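The values are calculated or read from the model by the stated rules, or taken from the named source; none is laboratory data. Bear in mind that the values here come from a model prediction, so they are computed numbers and not experimental data. Neighbour counts are summed over all protein chains in view; Cβ atoms, including those assigned to glycine, are modelled from backbone coordinates with ideal geometry.
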Amino acid sequence: MALWSNTDANTSAPKYVTNYLNVYQSTANVNLAYGNTTTGAFITGAAIGVFGVDTNEMANTASIANRPAHAGWVLREVGMGGIATISAGATNKSNVGNAFITFTGGGTGNTSANAQIFTNSISNVVTSIVLNRPGLYESAPTGNVAGNANVSITITMGGRVGRVTSEVLVAMGTMGADAGGVANDDVIFQDTAS
C-alpha cells in the first residue's frame, strides 16, 4: 500500500498526515483532514487541512501568504485569535446610552466576543468600552452597537488571527486533477483552470 499518490483525492492523501495532527492514524482521520477548512476539527483555535495543490493552483494563487512553497501535498493551518482592544472615536455618542456591542463575521468556527460601551449620562458621549470576553476569530469581526450608527468602533485583533502557514508534506511536479470536481483547495488556492 502506497503512503500517497499524485491524484487530488482523499484516498491519495498522505497516510501519515494524522501524525502532524496528533490524532489516531486511520483512513477516517485522513479523510477528515483532506480539504478541511473547519476550525477546531483537530486543534482548538486553528483550521488545519491537507490539500493536493497542482501547478495551476500554484500559479493562480494571488496571495503569497496562501501560496505553498511547492506543488504537491500541503498541510495548511489558519490561525485564530481574540479581540485585543476595542476603541471608539472621542466624540462618538450613543443615542441608546450604555449598550452591548454585537459582532458579525470573522470567519468560521468562531466563539463570539462580548463587549459593552458606557456613556456619559448627560451627553451620551462614549466614555469607555469594556471587553468582557475576547472571543476567537479567524479574521477581524465587525462590531456594531444595536440601533446606533453614531458609534464608530475600531477593533484590534490579537493571537494568530489571519496567519496562514503551509508545509509541503510531499513535493510533486505532477499533481493530478481534482477528483470529483471543485474541492476546497480550488477556493483556497484560486485554481481557475479546474
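Go over the candidates G173, G143, G107 one by one and state the one that is in the same structural domain as N56 (by TED's automatic domain parsing) and either out of contact with any Pro (no Cβ under 9 Å at 6 or more places or on another chain) or in contact (Cβ under 8 Å) with a residue 60 or more places away in the chain (or both). Write out each step before concluding.
Details: G143 fails: in the same structural domain as N56 (by TED's automatic domain parsing); G107 fails: in the same structural domain as N56 (by TED's automatic domain parsing).
Going through G173, G143, G107 in turn, just one is in the same structural domain as N56 (by TED's automatic domain parsing) and either out of contact with any Pro (no Cβ under 9 Å at 6 or more places or on another chain) or in contact (Cβ under 8 Å) with a residue 60 or more places away in the chain (or both): G173.
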Name the residues in region 135-160 that are surrounded by 15 or more Cβ atoms within 10 Å (Cβ to Cβ) and in a loop (DSSP other than H, G, I, E, B), would you?
G135, E138, A140, P141, N150, V151, G159, R160
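Can you tell me which residue among I43, I48 is part of a strand (DSSP E or B), outside the structural domain of A140 (by TED's automatic domain parsing), among the β-branched types (V, I, T) and under 29 Å from G143 (Cβ atoms)? If you could, list the steps in order and put the result at the bottom.
Working: I43 fails: part of a strand (DSSP E or B).
I48 is the lone residue from the list that is part of a strand (DSSP E or B), outside the structural domain of A140 (by TED's automatic domain parsing), among the β-branched types (V, I, T) and under 29 Å from G143 (Cβ atoms).
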If I filter region 73-92 down to residues being assigned to a loop (DSSP other than H, G, I, E, B) and surrounded by fewer than 23 Cβ atoms within 10 Å (Cβ to Cβ), which single residue comes out as farthest from the chain's Cα centre (by Cα)?
T91
How many residues are within 14 Å of the chain's Cα centre (by Cα) and either outside the structural domain of A88 (by TED's automatic domain parsing) or among the aliphatic types (A, V, I, L, M) (or both) when one looks only at region 121-140?
2
For T39, work out the one condition from (1) surrounded by fewer than 22 Cβ atoms within 10 Å (Cβ to Cβ); (2) under 25 Å from P134 (Cα atoms); (3) at pLDDT below 85 it doesn't fulfil.
(1)
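For residues that are without any contact (Cβ under 8 Å) to a residue 24 or more places away in the chain and part of a strand (DSSP E or B), scanning just region 117-132, find the one that is nearest to V50 (Cα to Cα).
Filtering region 117-132 for residues that are without any contact (Cβ under 8 Å) to a residue 24 or more places away in the chain and part of a strand (DSSP E or B), the one nearest to V50 (Cα to Cα) comes out as N132.
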